[in-house]
1. From the list Glu84, Glu91, Glu67, Glu78, which one is among the acidic types (Asp, Glu) and more than 29 Å from Ser27 (Cβ to Cβ)?
2. Please give the number of the condition Ser74 fails out of (1) in contact with a helix residue (DSSP H, G or I) (Cβ under 9 Å, 6 or more places away or on another chain); (2) within 24 Å of Tyr38 (Cα to Cα); (3) among the small types (Gly, Ala, Ser); (4) part of a loop (DSSP other than H, G, I, E, B).
3. For the stretch 45-62, name all the residues that are crowded, with 18+ Cβ neighbours inside 10 Å, over 16 Å from Glu92 (Cβ atoms) and not aliphatic (A, V, I, L, M).
4. Within the stretch 1-41, take every residue that is of a type in the set (Phe, Trp, Tyr) and outside any helix (DSSP H, G or I) and give me the one that is surrounded by the fewest Cβ atoms within 10 Å (Cβ to Cβ).
5. Scan the stretch 51-71 residue by residue and report those that are outside any helix (DSSP H, G or I), under 12 Å from the mean Cα position of the chain (by Cα) and not hydrophobic (A, V, I, L, M, F, W, C).
Amino acid sequence: MRIGELARRAGVSTRSLRYYEQHGLISARRAANGYREYQEDDVRLVSEIRTLLTNGFTLDDARPFVECLRSGHSSGGECAGSVEVYRRKLEEIDSEIRTLLARRAEVAAQLCSGCVFKGEK
């Protein structure tokens, strides 16, 4: 399939596909006329990449998932490298949550001190 069809089926732009290709996540064969040609499996790869990026993962994070799918697994998250990325990402998210909770507590404390100052509750 050509780049436009892959983009449509995977729900991304052709520019995104070129970007993924530039970073080695997908690859295309070239037809005699120079057009990129993709395989049916590339729809799944691109969908996996898109889902990961939407959820805050980077292109480098996506690499083990793509490799896992290419090796024949039914899910990109079934391989050890992918599981490690998931664990690292969860640690990052937990850290962000702790930071946000601390910031929230500080803002709430400032609000309460402002309420007491003005005689409000």
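1. Values: Glu84 fails: more than 29 Å from Ser27 (Cβ to Cβ); Glu67 fails: more than 29 Å from Ser27 (Cβ to Cβ); Glu78 fails: more than 29 Å from Ser27 (Cβ to Cβ).
After ruling out the rest, the residue left standing is Glu91.
2. The single condition Ser74 does not satisfy is (1).
3. Answer for the stretch 45-62, where residues must be crowded, with 18+ Cβ neighbours inside 10 Å, over 16 Å from Glu92 (Cβ atoms) and not aliphatic (A, V, I, L, M): just Glu48.
4. Looking only at the stretch 1-41, we keep the residues that are of a type in the set (Phe, Trp, Tyr), and these are 19-20, 35, 38.
Filter once more, keeping what is outside any helix (DSSP H, G or I): 35, 38.
Numbers: Tyr35: 12, Tyr38: 23.
Restricting to residues being of a type in the set (Phe, Trp, Tyr) and outside any helix (DSSP H, G or I), the top hit is Tyr35.
5. Keep residues of the stretch 51-71 that are outside any helix (DSSP H, G or I), which gives 55-58, 71.
Next cut, under 12 Å from the mean Cα position of the chain (by Cα) only: 55-58.
The answer is Asn55, Gly56, Thr58.
Any read-out appearing in this document is the output of simple, stated calculations on the displayed coordinates, not a laboratory observation. Nothing here was measured: the structure is a model prediction, and the numbers come from that model. Cβ atoms come from the backbone with ideal geometry, glycine included; neighbour counts cover every protein chain shown.
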